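The values are calculated or read from the model by the stated rules, or taken from the named source; none is laboratory data. All values derive from a computational prediction rather than experimental measurement. Don't worry about glycine lacking a Cβ; one is built from the backbone with ideal geometry, like all the others, and counts go over all protein chains shown.
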Amino acid sequence: MTKVENTAGFDVIAARERCRRFRLRILELSQGVSAIHIAPAFSCLELVDSIYFHLMRRNANGSSRDTFLLSKGHGSASQYVVLEELGILNRADLDGFCKAGGRLGTHPDYGISGIEAATGSLGHGLPMTVGMALADKLQGLDRVVHVVLSDGELQEGSVWEAMMLAPTLRLSNLIAYVDLNDFQSLGQTSKVHPNFYPVLDKVRAFGWEAEEVDGHDHTAIICAVQARKGNSPFMLIGRTVKGKGVSYMENAPIWHYRSPSPAEYQQAVREIQEAA
Ligand SMILES: [Mg+2]
């Protein structure tokens with residue numbers, strides 16, 4: 001059905017710098033609040049950035065023609081910083097994150113500008129986007145639905161029901177991304193479920209076109225999506241690092257849901273600023 005346009009002018013250097021700024025902003029948001037999931041936001045940041053700044057198509061007035069859903073809603077900070085960059089949310093919105101009187105909570109909520117559905121109760125995003133993509137297709141709308149899932153989320157049965165249905169409905173206007181950081185909440189996915197891998201083979205067996213890439217590599221993400229044949233739903237498995245960019249957060253389960261102390265915050269800022 002619909003193919004994402006290969007927009008000229010993608011600037012990978014600018015994208016990396018943008019993600020560096022996003023990580024610093026997420027760290028800033030974490031100070032003074034306790035309900036933030038920094039490491040899950042850092043692991044999916046390049047996926048979310050690639051989708052919003054390159055893969056989602058825009059109307060002439062700058063509004064989005066396509067749809068985005070962050071099914072791993074606990075990583076909401078990754079979406080909020082992008083929406084702030086785009087001017088869809090403002091600085092005051094983000095400064096009120098998880099604070100009394102603020103509009104933005106731990107998980108994306110329906111009714112917030114730029115948020116299509118409440119997510120965070122895992123396993124709902126893919127079924128919802130199957131419905132959205134089907135509705136668009138039935139109405140003949142030229143719209144692509146993008147949805148980002150976590151790897152731990154794939155243990156929800158509803159994900160596999162939706163995964164079975166989407167190819168049957170030939171939802172070529174649906175693109176799913178799995179943030180495969182091999183961690184789920186406080187455990188390592190491959191240890192909690194030793195038969196979890198290979199994910200790619202399982203997805204393909206359900207009838208999806210699928211590829212696996214480095215989920216922090218903008219170019220790999222964008223090229224894989226743009227190279228899809230477009231005859232069926234597409235799933236991109238992005239291998240990522242939970243807490244990417246901060247040494248003491250990377251692959252450390254305690255950082256699933258925790259705010260840095262002032263000293264930890266300063267170290268994290270320094271590491272991100274100094275990273276090549
Ligand atoms: Mg995970």
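Would you say L83 is more than 16 Å from the ligand (Cβ to nearest atom), in contact with a Leu (Cβ under 8 Å, 6 or more places away or on another chain) and not acidic (D, E)? Spelling it out, L83 is indeed more than 16 Å from the ligand (Cβ to nearest atom), in contact with a Leu (Cβ under 8 Å, 6 or more places away or on another chain) and not acidic (D, E).
Among the residues making up the stretch 28-46, those that are away from the ligand (no atom under 12 Å from the Cβ) and among the hydrophobic types (A, V, I, L, M, F, W, C) are L29, V33, A35, I36, I38, L45.
The residues on offer are L134, L165, L154, L122, and the sole one that is crowded, with 21+ Cβ neighbours inside 10 Å, in a helix (DSSP H, G or I) and without any contact (Cβ under 8 Å) to a residue 60 or more places away in the chain is L154.
The rows are residues; the columns are (1) under 30 Å from P253 (Cα atoms); (2) within 16 Å of the ligand (Cβ to nearest atom).
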residue	(1), (2)
G105	yes, no
G125	yes, yes
A135	no, no
E153	yes, yes
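When you look at L174, is it over 29 Å from R21 (Cβ atoms) and in contact with a Pro (Cβ under 6 Å, 6 or more places away or on another chain), yes or no? Spelling it out, L174 is indeed over 29 Å from R21 (Cβ atoms) and in contact with a Pro (Cβ under 6 Å, 6 or more places away or on another chain). Taken over the stretch 183-236, the residue count meeting the criterion of being in a strand (DSSP E or B), without any contact (Cβ under 8 Å) to a residue 60 or more places away in the chain and surrounded by 16 or more Cβ atoms within 10 Å (Cβ to Cβ) is 6. The residue that is nearest to the ligand (Cβ to nearest atom), among those in the stretch 139-151 that are assigned to a loop (DSSP other than H, G, I, E, B) and closer than 30 Å to N59 by Cβ, is V144. The requirement of being touching a residue at least 12 places away in the same chain (Cβ under 8 Å), surrounded by fewer than 20 Cβ atoms within 10 Å (Cβ to Cβ), out of contact with any strand residue (DSSP E or B) (no Cβ under 8 Å at 6 or more places or on another chain) and not charged (D, E, K, R) is fulfilled nowhere in the stretch 138-150; no residue meets it. Taking the stretch 25-46 as the range and being of a type in the set (A, V, I, L, M, F, W, C) and more than 15 Å from G245 (Cα to Cα) as the test, the residues that pass are L29, V33, A35, I36.
For the stretch 168-182, filtering for residues that are outside any loop (DSSP other than H, G, I, E, B) and within 10 Å of the ligand (Cβ to nearest atom) leaves 3. Applying the set (1) hydrophobic (A, V, I, L, M, F, W, C); (2) within 30 Å of G32 (Cβ to Cβ); (3) modelled with pLDDT under 95; (4) assigned to a loop (DSSP other than H, G, I, E, B) to I254 leaves exactly one unmet item: (4). Among the residues of the stretch 203-214, those that are of a type outside the set (A, V, I, L, M, F, W, C) and away from the ligand (no atom under 16 Å from the Cβ) comprise R204, G207, E209, E211.
Applying the criterion of at least 2 residues that are closer than 23 Å to G131 by Cα and of a type in the set (S, T, N, Q) to the helices (runs of 4 or more DSSP H) found wholly in the stretch 45-104 leaves 76-85.
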